[in-house]
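Working notes, structure below.
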Amino acid sequence: MPVPWFLLSLALGRSPVVLSLERLVGPQDATHCSPGLSCRLWDSDILCLPGDIVPAPGPVLAPTHLQTELVLRCQKETDCDLCLRVAVHLAVHGHWEEPEDEEKFGGAADSGVEEPRNASLQAQVVLSFQAYPTARCVLLEVQVPAALVQFGQSVPSSPLSSQGSVVYDCFEAALGSEVRIWSYTQPRYEKELNHTQQLPDCRGLEVWNSIPSCWALPWLNVSADGDNVHLVLNVSEEQHFGLSLYWNQVQGPPKPRWHKNLTGPQIITLNHTDLVPCLCIQVWPLEPDSVRTNICPFREDPRAHQNLWQAARLQLLTLQSWLLDAPCSLPAEAALCWRAPGGDPCQPLVPPLSWENVTVDKVLEFPLLKGHPNLCVQVNSSEKLQLQECLWADSLGPLKDDVLLLETRGPQDNRSLCALEPSGCTSLPSKASTRAARLGEYLLQDLQSGQCLQLWDDDLGALWACPMDKYIHKRWALVWLACLLFAAALSLILLLKKDHAKGWLRLLKQDVRSGAAARGRAALLLYSADDSGFERLVGALASALCQLPLRVAVDLWSRRELSAQGPVAWFHAQRRQTLQEGGVVVLLFSPGAVALCSEWLQDGVSGPGAHGPHDAFRASLSCVLPDFLQGRAPGSYVGACFDRLLHPDAVPALFRTVPVFTLPSQLPDFLGALQQPRAPRSGRLQERAEQVSRALQPALDSYFHPPGTPAPGRGVGPGAGPGAGDGT
């Protein structure tokens, strides 16, 4: 039995109060004003052009307040439409300027001013209405007799008591719609007034049986049953209506998610993961000029807000620009943070940087000079961390063991430096017992010699990333030297006992093999740089594989060496090293890669100047093809391509002599092929495949579904439940 969750009706308005409305007879608009004022409505609508504010030549009549009232405009007793009556309250603003030479000229000056002061005030008041899809402007002429105006003093905020209003009957709008109203004068002497009125729909009206569009509206109940949400439409079996689900957007048009024309009673089932706060429902009878009623029942649902953040994604566009992609608008702020290897929390760089307000689907920028894989973006909402992604890791590789130095600049060229660590920012130089403090002198030398990478700079300070690898290598060199001395001494002892020498060598061989397995197999990743989006996808795959016991080499992470050596020399060196270490070469096929392979197989040579300086894939074909033609490829090469981008059958037959896997659907088999040839099948292979798939999915969504288009897993997929029909 479904548990009641929301009990709603498509005729449910924002206000639960049931309204009883005044009836107006006749189709014509009309106007009337307070006693003592005269007013007239222009016969036709005008263009809605407010214009700029101009100085008032003297006392002027201007709107000060808008008041609305709902009425019914009826042709017959049972044929009415909802209409909005607007009362504009007016006031006299400004005063007549006294002539500077009034005393000098006496009565002559009085005679020149007396006539306009005794004249009545006239104003042209514009009322502008907007209610999707209708917009119109009407003009009201208002005249105030001179007897009601007190001249000679400024009355910027004194209304004309109860005699200072003009009423317009009336603006017709659709049930449940939102009407925006503006009022100003022509010419415009003051800032325009504005007012927003939310109209009720059928259930909020006592006289709904007088409005024909309310008669055929279906009734909708929303209820929850476990993890599912049911939309139950209780209508007659012969009634035809349309049902649409959409994401309501604060800025821009709604994003449609699902639409269907249905007949009779229906039960539409939504999965709870499809719910987001801006998911709205629109239902209307399939009749000419029918009323479309909208409700958004999930605005305050905690599960919908949780789903919204789970669907949100951060996307890096350029070095400095990025955006937040989410189904709905949400209040959030973002800042950069520094994430060090080892699982420590990402440390916000605030200060010296600051939090920035985030708007969904709007490009934002950070003032960075260079990117770094350890730089991440944190997104907070209501002072709670909701999202964190290291956007630069896909293109720059895995996290590095670098130290971030914060430089603070003060007056008179004073500056101080500290190293960011999990315990805080350690001043340099320092006598503390932290790692950065012990290496503080070397870090300062690296900074002065230009070996640190500057990430950010302004008048108040700077950020520098200094590598720590060489200091770790020095420490390990001492450890290895001690190990070698110990091994030499042990060898001498064992040589004295020949009976034990063979056993010792056998154990040593096993240790070498197990050490090589623990160190991870080398993998060289080759691909064709079809476009920047595909390069980001390759970077994401390489970063994900680095989390496994694999040592991945890809030209994306070696652009400096690639430019210095040239693509051919760089690939030959990488291929030779990979194969000598018992590694594997991964050929990542794409439409561009297939085209290059076909060109080589047909012509045997690539045209000069047809490729960029970093295209290692084209350069690699000169020595990859002989390995395949001479039968040396099996065991040393593996092929792969991405689902929905290329079918394995499109790969040339020569390259299908080695396994070709589709990603991510065949990730377990792909990772199994990347293991050491004699390594046993690990029971964690499926777990590692799921880990790689999770890391790869955001890049796949970004590549196949750019920002602004629906992405898989975020769409609403209502399935017909019991009683669902097959309307088209």
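The values are calculated or read from the model by the stated rules, or taken from the named source; none is laboratory data. Just so it is clear, the model here is predicted, and its values are computed rather than measured. Glycine also receives a Cβ, built like all others from the backbone with ideal geometry; neighbour counts cover every protein chain displayed. Only protein heavy atoms, including side chains, enter the accessible area calculation; ligands, DNA and RNA are left aside. Shrake-Rupley method; radii C 1.70, N 1.55, O 1.52, S 1.80 Å.
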Expressed in nanometres to one decimal, the distance between label points 7 Å along Cα→Cβ at residue 632 and residue 136 is 8.4
A correct Karplus calculation of ³J(HN,Hα) over segment 527-535, with 6.51 cos²θ - 1.76 cosθ + 1.60, θ = phi - 60°, whole Hz and x for Gly and Pro, returns 7, 9, 6, 4, 7, 5, x, 5, 5
Note to self: with every protein chain in place and a 1.4 Å probe, segment 373-421 gives an accessible area per residue in Å² of 47
Burial-style ranking of 559-566, 367-374, average other-beta-carbon count within 10 Å with highest first, yields 367-374, 559-566
Rounded to 0.05, the calculated FRET efficiency for the beta carbons of residue 704 and residue 460 at R₀ = 45 Å is 0.60
Residues whose modelled amide H sits under 5 Å from the amide H of residue 165, counting only those 5 or more places away in sequence or on another chain, are 34, 90
A correct Karplus calculation of ³J(HN,Hα) over segment 405-419, with 6.51 cos²θ - 1.76 cosθ + 1.60, θ = phi - 60°, whole Hz and x for Gly and Pro, returns 9, 9, 9, 10, 10, x, x, 6, 6, 7, 9, 9, 10, 9, 9
Of 246, 637, 703, ordered by accessible area with the largest first and a 1.4 Å probe, the sequence is 703, 246, 637
For residue 644 the rounded accessible area (nearest 10 Å², probe 1.4 Å, non-protein molecules ignored) is 150
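How high is the FRET efficiency between residue 551 and residue 484 when r is their beta carbon distance and R₀ equals 30 Å, given to the nearest 0.05? Please report the intermediate quantities before stating the final value.
Working: r = 23 Å, r/R0 = 0.78.
Given R0 = 30 Å and the Cβ-Cβ separation, E is 0.80.
If r is the Cβ-Cβ distance from residue 435 to residue 354 and R0 is 25 Å, what FRET efficiency results, to the nearest 0.05? Walk me through the numbers on the way to the answer.
On the way: r = 29 Å, r/R0 = 1.14.
Between residue 435 and residue 354 the formula returns 0.30.
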In whole Hz, the Karplus estimates of ³J(HN,Hα) for segment 251-261 (6.51, -1.76, 1.60; θ = phi - 60°; x where Gly or Pro) are 10, x, x, x, 9, x, 10, 7, 8, 7, 8
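Could you tell me which of rounded, prolate or oblate describes segment 217-367, using a ≥ b ≥ c as the square roots of the eigenvalues of the alpha-carbon gyration tensor, with rounded for a/c under 1.5 and, failing that, prolate when a/b is larger than b/c and oblate otherwise?
Values: a/c = 3.80, a/b = 2.38, b/c = 1.60.
Here segment 217-367 falls in the prolate category.
Contour minus end-to-end for residue 685 and residue 453, with contour as 0.36 nm per residue of separation and end-to-end as the Cα-Cα distance? It would help to have the intermediate numbers written out before the result.
Details: separation 232, 0.36 × 232 = 83.52 nm, distance 3.76 nm.
Residue separation times 0.36 nm, minus the Cα-Cα distance, leaves 79.8 nm.
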